[in-house]
Amino acid sequence: MARIVMKFGGTSVADLDRIANAAGRVKRAVEAGDEVAVVVSAMAGVTNQLVGYVDKTSRVYDAREYDAVVASGEQVTAGLMALRLQELGVAARSWHGWQIPIRTNEVHGKARIEEIGTDNLDPRLKSGEVAVIAGFQGVSPRGRITTLGRGGSDTTAVALAAALKADRCDIYTDVDGVYTTDPRIVAKARKLERISHEEMLEMASLGAKVLQTRSVELAMNHGVRLQVLSSFEDKPGTLVVDEEEIVEQQVVSGIAYSRDEAKITLVKVADKPGVAASIFGPLADAAVNVDMIVQSVSSDGQRTDMTFTVAKTDLDRAVKTLEENRAAIEYEQLIADPDVVKISVIGVGMRSHAGVAQTMFRTLAEKGINIQVISTSEIKISTLVGEEYTELAIRALHSAYGLDTAA
Ligand code: ADP
Ligand code: ASP
Ligand code: MG
């Protein structure tokens, strides 16, 4: 007998038939004697629709009301899942974030979980009742609904698994595991039996949507046994494990991409001390996160170009902030380009192998793809290229690093 958290994503609960299918899986676990907490997402497409409603209704962004609206998708699924389980003869009850409670900070729209109470759930799980929890939401110190950022139901699941001391946290989704890259882009992508926390963390934060970054961080810090698997097929998925548990370590284990970034170039800024601070200070004050940065060599020692990336959703705010500060920064021209993609290769093997970056640059060059910005860390290399090259670049890199399946 084990205690498990089973999380079903949007496509796995997309309609009543799929909710019934997921409920069938829960029932089997209960019949096997397991104590089960289920975390559900909104039905596929619902969260996007709710976000659209908010955008169309109000130009004033009030994050508290955004949360009040977008958290509702998960509430519908939780109630329907509990009803379906009851129909199958399984004792079940739905739970909203505040009822548990899942306490978060007050950063509406991307709140962080601070504490989860277990007094309500613990005895019910022990008595054999299934708890069906609305993912993606929590409650702020002031008692208002918060949401955890897009894809946040993964984080609800892992945080609950940690709080409930569950033996496993199973993330059921529309792919049967974590692949070497997005299987929707590369048909030859290979499923990984295991992936290390560090690599999964990089993959997620660099764009692989299969797990929310924060969920991987929590699993790593709390020792939650995390698995990604298919809700449609019965086969083993991918285990996210400690690095030592990986037997055959590749130099590069995966490729991720993100279309969520935009590029800004400030042409001819003064090449003098303090200029970076004059650009990035106001952006930070406007809550714009800057990711990749390059400063070109100044030809005359007077002026230089500064290029950097921000989240696409922050682009308008970033441009407005820079225009307001134009006099202090002293740039000649501002060029904003949203049509870029960040492509990253990831692997802990990079720590001990040279030449990984060179392979990336050569492969892109051979395909005639211009690299606009580069950034690196210990276990990843990211390049920014034109969005139109997304598929071409990822497929070429996937082959170049020997990641393609044999078949
Ligand atoms: P859910 O609704 O179940 O949370 P998501 O859409 O958030 O599912 O995540 C699953 C999707 O992640 C897959 O359909 C796949 O297209 C995408 N994905 C991106 N990178 C990867 C990867 N490396 N391995 C598996 N899936 C990936
Ligand atoms: N429904 C939310 C979203 O679409 C949370 C999730 O599915 O994980 O972002
Ligand atoms: Mg998801």
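Couple of notes before you dig in:
- Alpha carbon Rg of segment 254-407, scaled by the compact-globule rule 2.2 N^0.38 Å: 1.15
- For segment 98-140 and segment 339-407, distance of Cα centres in Å: 40 Å
- Whole-number percent relative contact order across the chain, with pairs defined as alpha carbons under 8 Å at least 6 apart: 13 percent
- For segment 103-212, a/c is not less than 1.5, where a ≥ b ≥ c are the root eigenvalues of the C-alpha gyration tensor, and a/b does not top b/c. That puts it in the oblate class.
- For Asp34, the amide hydrogen comes within under 5 Å of the amide hydrogens of Ala2, counting only partners 5 or more places away or on other chains and with H modelled in the peptide plane.
- Cα centroid separation, segment 18-56 to segment 199-233 (Å): 18 Å
- Cβ-Cβ distance of Glu244 and Lys126, R₀ of 41 Å, FRET efficiency by 1/(1 + (r/R0)^6): the value works out to about 0.75.
- By the helix-only formula, in which each DSSP H run with n ≥ 4 contributes -39500 (n - 2.57) and the sum is divided by residues, the chain has a 222 nm mean residue ellipticity of -10000 deg cm²/dmol.
- Accessible area of Lys272 in the full protein assembly, 1.4 Å probe (Å², nearest 10): 100 Å²
- Residues Thr313, Thr265, sorted by accessible area with the largest first, give Thr313, Thr265 [1.4 Å probe; ligands and nucleic acids excluded].
- Label zone (Arg144, point 7 Å along Cα-to-C-beta; backbone nitrogen cut-off 17 Å) within segment 97-128: 97-98, 103-113.
- Gap separating the Cα centres of segment 280-294 and segment 141-163, nearest whole Å: 27 Å
- Vicinal HN-Hα couplings computed from phi for segment 165-174 (Karplus, 6.51 cos²θ - 1.76 cosθ + 1.60; Hz; Gly/Pro x): 6, 6, 6, 8, 10, 9, 9, 8, 9, 8
- Available extension along the chain between Ala286 and Lys272 is 2.7 nm, counting 0.36 nm per residue and deducting the alpha carbon span.
- Spread of Cα-to-Cα distances over 10 Å intervals beginning at zero, given as percent, for segment 70-155: 19, 47, 28, 5
- Per-residue packing, averaged as other Cβ atoms within 10 Å, sorts the ranges 110-120, 55-65, 181-191 into the order 181-191, 110-120, 55-65, beginning with the highest.
- Leu83 accessible area, 1.4 Å probe, all protein chains in place, Å² to nearest 10: 100 Å²
- Protein heavy-atom surface of the chain, 1.4 angstrom probe: 48% of the accessible area is carbon and sulfur, with nucleic acids and ligands not counted.
- Set Lys191/Lys263; Lys165/Lys312; Lys342/Lys367; Lys188/Lys235; Lys110/Lys235; Lys272/Lys367 screened for pairs whose C-alpha atoms are more than 26 Å apart: Lys191/Lys263; Lys165/Lys312; Lys110/Lys235; Lys272/Lys367
- In this view, the solvent-accessible surface of His96, computed with a 1.4 Å probe and all protein chains in place, comes to about 50 Å².
- Pairwise inverse Cα distances across the chain, averaged and inverted, put the Kirkwood hydrodynamic radius at 22.8 Å.
- Relative to the compact-globule estimate of 2.2 N^0.38 Å, the Cα radius of gyration of segment 186-270 comes out at 1.36.
- Phi-based couplings in Hz for segment 349-355 (Karplus 6.51, -1.76, 1.60; Gly and Pro marked x): x, 4, 4, 10, 10, 8, x
The values are calculated or read from the model by the stated rules, or taken from the named source; none is laboratory data. If you're wondering where the values come from, they're calculated on a predicted model, not measured in any experiment. Cβ coordinates were reconstructed from backbone atoms using ideal geometry, including for glycine residues, and neighbour counts include every protein chain displayed. Please note that ligands, DNA and RNA were not included when accessible areas were found on the heavy atoms of the full protein model with its side chains. Shrake-Rupley method; radii C 1.70, N 1.55, O 1.52, S 1.80 Å.
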